[in-house]
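Everything on this sheet refers to the single structure shown next.
The values are calculated or read from the model by the stated rules, or taken from the named source; none is laboratory data. Bear in mind the structure is a predicted one, so any value in this text is a computation, not a measurement. Cβ coordinates were reconstructed from backbone atoms using ideal geometry, including for glycine residues, and neighbour counts include every protein chain displayed.
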Amino acid sequence: MKAIKIFAFFLLFAAAPMLPAQSVTEKQMLTLAGANKIIAAAVAKAKELNAPGAVIAVVDDGGNLMALERLDNTFAAGALISYGKARTAAIFKRPTAVFEKIIREGRTPMVALNDFTPLQGGIPIEMNGQIVGAVGVSGAASAQQDEELAIAGASALSMTNGTAATSAVTFMDSKTVAAAFVKGQPLVENGQYKVHASHRDGPGKSEVHEHETDIIYVLEGTATFVTGGKVVDGQMIAPGEIRGAGIDGGEMRKLVKGDLVIVPQGVPHWFKDLKAPFNYYVVKSLN
């Protein structure tokens, strides 16, 4: 009788559904030491850029506050805003500048989302292909500077001796990429490079990037592209970013599908005119 019961139990166990392989995966977690390292890198960048008043917040992948640093001469709301930026970047797994741009271009219902701070200056922290947290910065001299400090902090964990600490692969499906080209928006932004899905319906302002090299690949449309020369009525809109009404002199090129242009940092460039729609990839190497 005992043998029959044991056999019956074996049959019951054998018939029970088995969990599929890899139903559980290892999860990387941001430590307090890592959070403090991120803050230290952002503070160092603030000193380099002479950006007193910044507040740096670091959260884990669930948006929970881990560490916060207030520099001298900040404003009262800085801590809440920097935490909100970091939380938004962590739980949505995207830089907050992406959402600010989307809302500015008309998708205002997004502001109704809970725990949502769509202001430039929040950057996810990625290690080995996983988002382990995010850093948010508020109170620097400009929104662009907020983001520069946040990128410097996020990069502190992903860089070792000047080389990438991980070979994690970033993948975006064709639908995501196609949607980005409808109005033009960043696809990837981190401390080493940016990849933008750019769209133009008409000519824009002349530009100079003091700290970025633009690698432009044309997908659709034609344009007259001017490089070099002197920016007309140039104004510094953010640290290292100059915009103007046009370019005096310079070299003109006719861009068509398949063309590649590399514009080194500090070189003025301008889409003088174009035939819409004009779509192109821009890879920005941060120098």
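Structure notes:
- One residue from Lys47, Lys37 being surrounded by fewer than 13 Cβ atoms within 10 Å (Cβ to Cβ), farther than 24 Å from Val98 by Cα, assigned by TED's automatic domain parsing to the domain that holds Ala152 and out of contact with any Pro (no Cβ under 7 Å at 6 or more places or on another chain): Lys47
- Restricting the stretch 247-271 to residues that are out of contact with any Phe, Trp or Tyr (no Cβ under 7 Å at 6 or more places or on another chain) and among the charged types (D, E, K, R), the residue that is farthest from His199 (Cα to Cα) is Asp248.
- Residue match in the stretch 263-272 (condition: modelled with pLDDT of 95 or more and within 17 Å of Phe181 (Cβ to Cβ)): yes
- Scanning the stretch 133-186 for residues that are part of a strand (DSSP E or B) and either buried (at least 20 other Cβ atoms within 10 Å of the Cβ) or at pLDDT 85 or above (or both) yields a count of 6.
- Unique match (being under 22 Å from Ala141 (Cα atoms) and of a type in the set (Asp, Glu)) among Glu251, Glu220, Glu189: Glu189
- Strands (runs of 3 or more DSSP E) wholly inside the stretch 223-287 containing at least 1 residues that are within 24 Å of Leu49 (Cβ to Cβ) and either in contact (Cβ under 8 Å) with a residue 12 or more places away in the chain or among the β-branched types (Val, Ile, Thr) (or both): 230-232, 235-238, 241-244, 260-263, 269-286
- Test: residue in the stretch 90-98 that is assigned by TED's automatic domain parsing to the domain that holds Gln120, more than 16 Å from Ile151 (Cβ to Cβ) and assigned to a helix (DSSP H, G or I): yes
- Odd one out for Leu19, checked against (1) modelled with pLDDT under 95; (2) among the hydrophobic types (A, V, I, L, M, F, W, C); (3) within 21 Å of the chain's Cα centre (by Cα): (3)
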